[in-house]
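Shown next, in structure tokens, is the structure this report addresses.
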Amino acid sequence: MTFVITSPCLGTQDRACVDACPVDCIHFEAGVDAMLYINPIDCIDCGACQPACPVSAIFPESEVTTEESRFININSLWFEDAAAARTELGTDIEPVITAEEVAGSGSGSGDGNDTADEELAYRQVDVTQLPLPNASSAVLSPVGVVALALLSLSLFTMIMFPGPGIIKPAGTTLEIGLTIIVLVPITALMALIFIIHQWSQLGNFSAHDLRNTSPWRVDVSDWRRSEDSRRADLLNIVQSIAKERFDFPNANNPDMRTYVNLPEPQMAIEVQGGSRKILPDIVVLDRPGGRPKLIAQIESRETLTREQAKYVWSELQVKDTPLLLYVPSGLAAQAKDYARSAGIKNIQIRTWRRQPDNVRVREVR
Ligand code: F3S
Ligand code: F3S
């Protein structure tokens, strides 16, 4: 079962449900969609969104009335084919929320308004820990080298020796030479082989590419934080996110329980038939079944590294359990690169941003 948003959302789009959802599975495109949609795969059926909606638009799937039943399909369809879902809904319904409004309020997707974040993070960044370009890891495989060489040779030959003109497109003075006709399929094949063989290395290269950093980071490059300070800071962030997003059990979810494995381990998950135990930062279980409902890992600027992705995130992948990764605002692209190069596919990335009295979390699309 999952929860479904129904017709009262049309023309309202209050969005209180978005803030209430602990796993950020309610989505829409501002300025395009006339209502919001719950992702049936990500929804953990906690029900927190239902009382938050001021127009009672949200119901468990099993309680959706016959008149509203078409919204069950529309909700799930949006995550497969948003255009088809909009057509199914009816194209004459105007969205209430404009893209400008979302951008202005800072509540849309993405990582906008990073200036404030940078100011807050100013005293906490140790730039010596930031990943630096490492060209040596962008190694071409032997197949990649051969494909690239043949690709270059084909292009060179086509340009220098196009051959006798065989095809003359009507109405033009152009002539397509025999060499070009023969070599185009070979060139395309070589390009395809190169991309397939170098895909992971291309990902590495992208992740090692030095991202634009603002000059102040260079200016404070001699700033150092102690290890204790880093640990205390991360602990604070983990506990803030646990409280903000996974405050279980609560009135809506008496059967769910959140465990935070910092500073002391509280709840390990046994995998591979109990032969191995993993300790994510946050674990949400349902009771009395004790099955993991979601796993969350929180990284700071210092702990967001390629090694962390390879040795820690990859370990946290548990079948049928959503893995949420929280990284500092502005570093989502870097986290995506690391996850991709570590071969991690099923991971949902969120960003966190420190605010004066709490930690603000945002979903990344
Ligand atoms: Fe979120 Fe509502 Fe599902 S709060 S997890 S969409 S039931
Ligand atoms: Fe719609 Fe209600 Fe959410 S109006 S946006 S379902 S709070």
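The values are calculated or read from the model by the stated rules, or taken from the named source; none is laboratory data. Computed from a predicted structure; not experimentally measured. All Cβ positions, even for glycine, are placed from backbone atoms using ideal geometry, and neighbour counts span all protein chains on display.
Within the range 27-47, identify whether any single residue is polar (S, T, N, Q), touching a Pro at 6+ places or on another chain (Cβ under 9 Å), within 14 Å of ligand 1 (Cβ to nearest atom) and in a loop (DSSP other than H, G, I, E, B), and answer yes or no. No, because not a single residue in the range 27-47 is polar (S, T, N, Q), touching a Pro at 6+ places or on another chain (Cβ under 9 Å), within 14 Å of ligand 1 (Cβ to nearest atom) and in a loop (DSSP other than H, G, I, E, B). Quick check, is E299 among the charged types (D, E, K, R), closer than 16 Å to L234 by Cα and either in contact with a strand residue (DSSP E or B) (Cβ under 8 Å, 6 or more places away or on another chain) or surrounded by fewer than 21 Cβ atoms within 10 Å (Cβ to Cβ) (or both)? Answer is yes for this residue. The helices (runs of 4 or more DSSP H) located wholly in the range 126-234 that include 1 or more residues which are within 25 Å of the chain's Cα centre (by Cα) and modelled with pLDDT of 80 or more occupy 178-208. Working only within the range 5-17, note down all residues that are farther than 18 Å from G90 by Cα and within 11 Å of ligand 1 (Cβ to nearest atom). A16, C17 - these are the residues of the range 5-17 that are farther than 18 Å from G90 by Cα and within 11 Å of ligand 1 (Cβ to nearest atom). In the range 19-38, how many residues are within 22 Å of L285 (Cα to Cα) and at pLDDT below 90? Number of matching residues: 7. Across the range 40-85, the qualifying residues are those that are touching a helix residue (DSSP H, G or I) at 6+ places or on another chain (Cβ under 8 Å) and of a type in the set (D, E, K, R), and the one among them that is surrounded by the most Cβ atoms within 10 Å (Cβ to Cβ) is E61. Select from the range 262-284 the residues that are modelled with pLDDT under 90 and either part of a strand (DSSP E or B) or among the polar types (S, T, N, Q) (or both) and list them in ascending order. The answer is Q266, I269, E270, V271, Q272, S275, R276, K277, I278. If I filter the range 95-104 for residues that are at pLDDT 90 or above, out of contact with any strand residue (DSSP E or B) (no Cβ under 6 Å at 6 or more places or on another chain) and away from ligand 1 (no atom under 15 Å from the Cβ), do I get at least one hit? Taking every residue of the range 95-104 in turn, none turns out to be at pLDDT 90 or above, out of contact with any strand residue (DSSP E or B) (no Cβ under 6 Å at 6 or more places or on another chain) and away from ligand 1 (no atom under 15 Å from the Cβ).
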